[in-house]
Every structure is written in structure tokens, then in C-alpha cells.
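Comments concern the structure below.
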Amino acid sequence: MDLGISGKRALVCASSKGLGLGCAEALAAAGVHLVMNARGAEALEAAAQAIRGRHGVEVATVACDVTTPEGQAQVLEAASEPDILVTNAGGPPPGLWSDWDRDDFIKALDSNMLTPIALMKACLPAMQKRGWGRIVNITSQSVKAPIPALGLSNAARTGLTGYVAGTARQVAPDGITINNLLPGIHDTDRALSLDGNVSRQQNISLEEARARREQTIPARRYGTKEEFGAACAFLCSIHAGFIVGQNLLADGGATNATI
Ligand code: NAP
């Protein structure tokens, strides 16, 4: 399917690895020019170089922490009023409800709620002027069904979801869609680190931790960054203009819900 977005420009945050990289690659495959971002410059440049080689699109890189105001200013300057914005950042650490104090919550809110909001606010006016825009926020299945050990993530991402629900409807008349893509477990470094915690806590091997988690998923496997990226690229395509303010699960059926 031709996604109809060749030649458009996208800012894809936190995209040197994992789900962000999957989104960057799928957009590049559709002919979209990219600004990619991550904190580590080396992995970022290597990912960008591979994408340039495979897809022949322009790829600029900005190595910075996108959860800081300075980092946000840097990526926004490089992307210069993008047509497409994909927000993403690392997820907060797991723990118990009693572990976290105010500073932990502020950090999680900054990373997973206030950063995407700041980026959306910065990018929306130019999209409104052009009469076209696509925004996809990478959130989590924890928005639909809480993951008890990820209380910081549950809280911050639900706040973002509330903001998007209203804002998506305010900017839809301008030809802009904002949607959230909710990953269940995917085969990335984040999953490795979550499985590592389970392995230590339950005194089982990493392979056993993964195998047990896979058994809880109807698809009986972890998702891939390529599948996730393809879903993101579709939401950014010309064909998805009537999909507004939705929360799309990519979780292999793990969230046991009718709707
Ligand atoms: P990942 O494989 O660890 O990759 C994270 C990417 O984001 C890396 O490129 C990393 O590069 C970059 N990054 C992290 N923090 C950043 C920051 N502050 N500023 C700029 N770049 C940053 O993670 P992932 O699995 O793709 O997860 C992406 C998001 O989805 C996370 O919020 C995660 O919690 C959420 N999620 C993931 C899963 C899953 O199963 N994978 C499930 C549910 C939700 P640097 O470290 O060099 O900055």
C-alpha cells in the first residue's frame, strides 16, 4: 500500500533503538525525511546511517535528552515544523506503590506526559497552518490495563492520554490526527530489562522469565519493532485521516478486554 506521505518530514523522538527505531524505519520506507533523536550519539548515528542507506531519505540526528527543555528546543529546531511527530522516551523504572516519592513522580511526568505535550504544542501551530499533520504518541498497554509494578508509567501515561483525548478533537478540524500507539511487550532492550528484573526477583533464568511472559500473551510471542513501526506509519498515512484520538493496542491480545 502506498502510504501517500513520501516527501513529508517527521520528527521521531527516542529512535536509535527499539520501538522508536521501528517507527523511524517504517516512515523512511514510506519516503519520509527524518529527524531522529536519542541521548547516545554513536548508536543514533549508526541507526541513521543504516536508514539513509536502505531508503535514500534525508536523516538528520540530534543527540540529546528529549525530556529536558533544552533537548526539546534542539530537536524542534532541527525538525523545523515537521508534518509528522512521533513522541517517545524511555519508560520509568518498576517498583512497589510505596517506593516512589514526589521527585520520582515529577521525573516520570516530565518524561512520559509533559515532554510529549510540549512537543505537540510546539508542532501543532504549523500543522494547523498547513491543514495537515500526524502525531503518534508511543505510550503503553498500561493505559488500558495497569501493570502493577509500573505505577509511575501507569500514572504519567494516563495523564497524557487524557490530554490527547481532548486535544485530538480540537485540532481534527485542521486535518490533523493525534493518536496513541500502545505497545504490549516487544522484543527490545526495555523488554530485556523488565525480564531481567523478573529473573532476579523470582530467581529464574532470563529465558524462563521470557517463556513465562510469552505464555500470558494470546499470540505466544513478543512483538517486533518492525510490526510496531508499520502500525505507526499507517497511522501517519493519508489513509488514516479519519482515525482521531484513538488508543491502538499492539499487544498480541494480551489486554483481556472486549473493547
Ligand atoms: P528501548 O529499546 O530501551 O529504546 C529506547 C530508545 O529511546 C533508545 O533509542 C534510547 O536511546 C532512547 N531514549 C530513551 N530515553 C531517552 C531520552 N530521555 N531522550 C532521548 N532518547 C531517549 O525502549 P523501547 O522498548 O523501544 O520502549 C520505548 C517506549 O515504549 C518506552 O517508554 C517504554 O517504556 C514503552 N514500552 C515498551 C514496551 C516494550 O515491550 N518494549 C512495552 C510497553 C511500553 P538512548 O538510551 O541513547 O537515549
How far is helix 18-29 tilted off the main Cα axis of the chain, in degrees rounded to 10, range 0 to 90? 30 degrees
If you fit an axis through the alpha-carbon atoms of helix 189-202 and take the longest principal axis of the Cα set of the chain, what angle between them do you get, 0 to 90°, nearest 10? 10 degrees
Over 25 Å (Cα to Cα) among LYS8/LYS121; LYS129/LYS225; LYS17/LYS129 -> LYS129/LYS225; LYS17/LYS129
Averaged over all directions, how much area does the convex hull of the C-alpha atoms of region 34-157 cover when projected, in nm²? 8.8 nm²
Roughly how far apart, in whole Å, are the Cα centres of region 170-190 and region 15-87? 16 Å
Just the ratio, please: alpha-carbon radius of gyration of the chain over 2.2 N^0.38 Å, N its number of residues. 0.97
Setting aside same-chain residues fewer than 8 positions from LYS107, which aspartates and glutamates have a Cα under 17 Å from its Cα? ASP65, GLU70, ASP99
Report the extension gain between LEU96 and GLU77 in nm, rounded to one decimal, defined as 0.36 nm multiplied by the number of residues separating them, less their alpha carbon distance. 3.0 nm
Against the 2.2 N^0.38 Å rule of thumb, the C-alpha Rg of region 94-191 sits at a ratio of 1.19
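Every read-out reported here was derived from the displayed coordinates using simple, explicitly stated rules and does not represent laboratory data. Remember, predicted model here, so these are calculated numbers, not experimental data.
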